[in-house]
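Below is one structure, written out as structure tokens; the observations come after it.
The values are calculated or read from the model by the stated rules, or taken from the named source; none is laboratory data. Bear in mind the structure is a predicted one, so any value in this text is a computation, not a measurement. Methodologically, a virtual Cβ is constructed for each residue, glycine included, from the backbone with ideal geometry; neighbour enumeration extends over all protein chains shown. Each accessible area value is taken on the protein alone, full model and side chains, heavy atoms only, with ligands, DNA and RNA left out. Shrake-Rupley method; radii C 1.70, N 1.55, O 1.52, S 1.80 Å.
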Amino acid sequence: NAYPLMALTGGRNANQAWLADIAGPHLQMGWSTWVEINPETAAKLGVKENDTVWVESPVGRIQGIVKLYEGIHPEVVGMPLGFGHTAMGRWAEGIGENPRKIQEADLGDGLPRERLTRVKVYKV
């Protein structure tokens with residue numbers, strides 16, 4: 001599940017350094033793309049807090065930092081939207097990853113179907 005960050009408003013404010021600093025207050029995380037994983041799921045996958053992992057779908061893969069989060073369903077991983085810009089200034093360009101890059105397109109309209117994209121998560 002890819003979700004917009006309140007601080008970065010889905011990426012429109014990604015070039016404001018102070019907002020990137022407070023991007024993930026529920027995890028004390030900013031300036032990077034994280035992957036929220038339920039602790040039980042993380043144990044099954046053999047990953048720990050702050051491990052760097054690949055998140056891979058049928059259309060590509062991106063990296064993220066594991067953040068254990070009991071608030072996420074064990075069969076779901078969460079990744080924030082707002083990072084992974086290829087332009088937009090020095091505080092946004094090249095920082096983190098964009099989960100939209102690995103979301104499968106819906107059949108027919110080409111829009112991301114974030115709730116249906118299955119991914120594989122494994123250590124880098």
| request: Could you list, in sequence order, all residues of region 79-102 that are modelled with pLDDT of 70 or more, over 11 Å from the mean Cα position of the chain (by Cα) and either crowded, with 18+ Cβ neighbours inside 10 Å or part of a helix (DSSP H, G or I) (or both)? | output: Ile95
| task | Pairs only if they're at least six apart or on different chains, beta carbon under 6 angstrom, first in region 36-59 and among the hydroxyl-bearing types (Ser, Thr, Tyr), second in a loop (DSSP other than H, G, I, E, B) and open to solvent by less than 50 Å² (accessible area, probe 1.4 Å); list them, first residue then second. | result | Ser57/Thr117
| Matching residues in region 25-75 - criterion: being in a loop (DSSP other than H, G, I, E, B), within 20 Å of Lys101 (Cβ to Cβ) and either open to solvent by 20 Å² or more (accessible area, probe 1.4 Å) or modelled with pLDDT of 95 or more (or both) | Trp31, Ser32, Pro58, Val59
